[in-house]
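Note sheet for the following structure.
The values are calculated or read from the model by the stated rules, or taken from the named source; none is laboratory data. Remember, it's a predicted structure, so these values are computed and weren't measured experimentally. All Cβ positions, even for glycine, are placed from backbone atoms using ideal geometry, and neighbour counts span all protein chains on display.
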Amino acid sequence: MNAPLAVEALDLERTYASGHTTVAALAGVTLAIQRGEFVAVMGPSGSGKSTLLNVVAGLERPTGGTVRVDGEDLARLDEEALARHRSRRVGMVFQAFNLLPRLHVVENVALPLAFAGVSVSERLRRARAILERLGMTARAEHRTNELSGGELQRAAVARALIGDPAILLADEPTGNLDSANGAALIALFEELHAQSQTVLLVTHDAQIAAHAERIIRMRDGRVVDV
Amino acid sequence: MSLGNYGRARLRSALTTAGVAIGTALVVLLIALATGAEDNVRRSIFSIGDLRLVTVQPFQPGANGLSAVPRTITDDTVAKLKVVAHVDGVYRQFDAPLGMVVEGGDDATIRPQGIEPGAPVDRGDLLAGRHLEAGDRAVAVIPGNIARLVAPNAGAAIGRTVTMRVGGAVKLGSTRIGGSGTPRDYGVKIVGVFDEQASQTSFRIPLEDALLAGAENRGLTADAIRQTTGYSGLAVEADDSTNVADIVRAVQELGFSSFSLKQVVEQIDQGFGVFKGILAGIGGVALLVAAIGIANTMVMSVLERTREIGIMKAVGASPRDIRTLFLAEAAYVGVFGGVLGLALGLAGGQIIDRVIRQLNPRTNPAAIFVVGPDLALGALALALGVALLAGFLPARRAMRMSALSALRYE
């Protein structure tokens with residue numbers, strides 16, 4: 001039996017009620033992402049690319065169609081199971097970093113494991129290991145306000161990777177970085193990809209997207225070019 | 001992790017905790033006050049007598065004051081009571097007419113009280129000599145104050161014979177206060193002296209002697225007295241104070257009025273239950289105010305940390321994790337506030353007790369505030385419970401928050 005696809009979407013829909021009208025952020029998306037692929041989703045704002053990512057991340061539920069991540073049909077998961085999906089099956093990197101300012105970097109990186117029942121000493125050990133892998137050991141005991149944008153995003157990537165996810169998701173990860181730091185982050189993604197990490201990246205920047213193995217273009221909630 | 005949050009908004013947490021502490025302290029103080037009062041009352045009741053005792057009175061049930069309808073206590077009554085379940089012993093008592101003892105220059109009024117050996121009234125209060133025994137005749141166990149009229153001290157009175165005059169006019173000074181029939185003198189040997197705290201006038205004499213004196217006073221025979229006048233009362237002893245109610249019921253079914261300290265204590269307990277309830281209610285209002293404070297703090301905390309909740313949810317916190325986090329925060333407030341309040345209550349009670357002792361240096365009153373382990377644990381549990389209850393709605397709000405909209409919250 002073949003290993004399941006990293007992501008498999010079929011006629012995926014996501015509509016929002018807005019007053020009397022409904023807006024379709026996803027209007028029937030069908031796509032497949034193999035394990036180990038580095039895929040970029042491109043499109044103008046409002047094209048539904050972020051919604052797609054959020055649905056795969058388990059942050060949002062589709063209103064129609066099916067989506068499987070690492071073989072698991074997300075529609076069948078209740079809230080508790082969806083939380084486990086977020087902590088173990090996927091790792092998410094945001095444009096706004098979304099680190100907790102009151103925690104040290106190493107505690108931020110270890111945070112997902114706190115909700116997966118891992119002991120404090122074990123999760124700090126794993127967080128330090130992954131920070132070392134990303135060259136961030138020197139920053140482990142710092143507060144987030146002492147870090148540069150590039151370092152913050154590197155810490156966020158470390159946090160996304162700590163659960164050893166089937167797929168790394170990134171929503172405009174370079175959006176708040178200068179070009180040098182943006183380039184360094186993409187280089188990190190390429191390096192992770194080379195270590196066979198599946199990566200799904202959302203961006204509107206063609207230069208960033210160009211680093212991916214494959215580009216999926218979206219417009220008005222539909223895939224226009226795979 | 002929530003401990004970190006507790007430390008973060010320090011002033012707000014401290015104020016909320018202070019609210020809980022004051023509420024808890026008030027509950028502890030008020031209930032301790034009621035407990036102390038109850039203890040004092042109970043202690044004075046226990047000093048009066050034995051809770052296992054039921055006294056059968058020669059009246060119909062429901063007797064009180066002037067409306068009492070007499071009813072004769074006979075040996076038949078005694079026989080019936082002896083077979084009632086949980087009855088350990090039935091002791092007959094017959095009070096002979098009032099009299100006096102003329103000795104040592106002073107006349108002392110006495111109440112000759114005919115009792116059986118081992119009767120509850122004749123136990124464990126001796127200053128000298130012995131209690132009444134089976135087969136005793138023409139002897140008496142007398143109070144210490146009268147013993148000192150006939151001898152230098154209680155011990156020296158033992159073995160002395162005194163003249164007990166039964167019947168006739170009994171005077172206090174020149175005023176006739178009682179007495180009946182023709183006075184008749186009986187020589188009785190003092191075999192025991194009891195502490196006059198129990199009674200300053202009672203002469204404990206053998207039942208048969210008292211019946212004879214009563215009969216001769218009225219020109220009757222002892223048997224006639226037994227059958228027509230009947231005994232003055234019966235002391236019925238239960239095997240355990242918890243069975244007193246059963247015996248009281250049996251006595252009433254036989255048609256006699258009864259009295260027991262146990263029933264008095266039960267009524268007092270009931271009264272104090274209500275008293276405690278009211279005081280706890282007053283303290284409870286303070287805790288309720290504290291609870292509103294907790295709820296307010298928690299709502300603020302949830303609002304402030306909306307984005308944080310979003311982040312935690314995004315990286316895998318389940319709704320239950322989030323709820324636990326906020327409930328734990330409420331629990332910290334409850335536990336810290338409860339412990340602090342308990343300490344405050346204990347200290348406050350001790351200080352007030354000490355002040356009262358200093359104001360009344362001679363009487364050395366018993367503690368007014370009494371905090372038992374059940375009150376201490378109960379107060380802690382109450383503080384924790386109130387805090388969790390107050391934290392429940394805000395925690396649920398945090399739990400139900402959508403991760404995405406929380407992430408977008410600024």
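Numbers below:
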{"quantity": "Odd one out for A:Glu80, checked against (1) facing chain B (nearest Cβ under 8 Å); (2) in contact with a Leu (Cβ under 8 Å, 6 or more places away or on another chain)", "calculated": "(2)"}
{"quantity": "Checklist (1) modelled with pLDDT of 85 or more; (2) over 30 Å from B:Ala21 (Cα atoms); (3) away from every other protein chain (no Cβ under 14 Å) applied to B:Gln263, failing item", "calculated": "(1)"}
{"quantity": "Near pairs, Cβ below 7 angstrom, 6+ apart or cross-chain, from region B:354-383 (assigned by TED's automatic domain parsing to the domain that holds B:Ala37) to any residue that is at pLDDT 85 or above and of a type in the set (D, E, K, R)", "calculated": "B:Ala367/B:Asp353; B:Ile368/B:Asp353; B:Phe369/B:Asp353"}
{"quantity": "Region A:67-76, subset assigned to a strand (DSSP E or B) and hydrophobic (A, V, I, L, M, F, W, C), residue nearest to the other protein chains (Cβ to nearest Cβ)", "calculated": "A:Val69"}
{"quantity": "Positions within region A:49-66 being more than 10 Å from every other protein chain (Cβ to nearest Cβ), in contact (Cβ under 8 Å) with a residue 60 or more places away in the chain and surrounded by 24 or more Cβ atoms within 10 Å (Cβ to Cβ), in sequence order", "calculated": "A:Lys49, A:Leu52, A:Val56"}
{"quantity": "Residue match in region A:93-105 (condition: assigned to a helix (DSSP H, G or I) and within 14 Å of another protein chain (Cβ to nearest Cβ))", "calculated": "no"}
{"quantity": "Test result for A:Leu185, part of a helix (DSSP H, G or I), facing chain B (nearest Cβ under 10 Å) and hydrophobic (A, V, I, L, M, F, W, C)", "calculated": "no"}
{"quantity": "Qualifying residue in region B:26-41 (condition: assigned by TED's automatic domain parsing to the domain that holds B:Ile282, modelled with pLDDT of 85 or more, buried (at least 20 other Cβ atoms within 10 Å of the Cβ) and small (Gly, Ala, Ser))", "calculated": "yes"}
{"quantity": "Test result for A:Ser87, touching a residue at least 60 places away in the same chain (Cβ under 8 Å), small (Gly, Ala, Ser), surrounded by 22 or more Cβ atoms within 10 Å (Cβ to Cβ) and within 14 Å of another protein chain (Cβ to nearest Cβ)", "calculated": "yes"}
{"quantity": "Hits in region B:229-249 (condition: out of contact with any Leu (no Cβ under 7 Å at 6 or more places or on another chain), in contact (Cβ under 8 Å) with a residue 24 or more places away in the chain and either aromatic (Phe, Trp, Tyr) or surrounded by fewer than 16 Cβ atoms within 10 Å (Cβ to Cβ) (or both))", "calculated": "B:Tyr231, B:Asp239, B:Asp240, B:Asp246"}
{"quantity": "Test: residue in region B:253-266 that is under 16 Å from the mean Cα position of the chain (by Cα), basic (Lys, Arg) and either surrounded by fewer than 16 Cβ atoms within 10 Å (Cβ to Cβ) or assigned to a helix (DSSP H, G or I) (or both)", "calculated": "yes"}
{"quantity": "Hits in region B:174-215 - residues which are free of Cβ contacts under 8 Å to residues at least 40 places away in the same chain, closer than 28 Å to B:Asp75 by Cβ and touching a strand residue (DSSP E or B) at 6+ places or on another chain (Cβ under 7 Å)", "calculated": "B:Arg184"}
{"quantity": "Of all residues in region A:108-125 being more than 23 Å from A:Leu177 (Cα to Cα) and under 20 Å from the mean Cα position of the chain (by Cα), the one that is surrounded by the most Cβ atoms within 10 Å (Cβ to Cβ)", "calculated": "A:Pro112"}
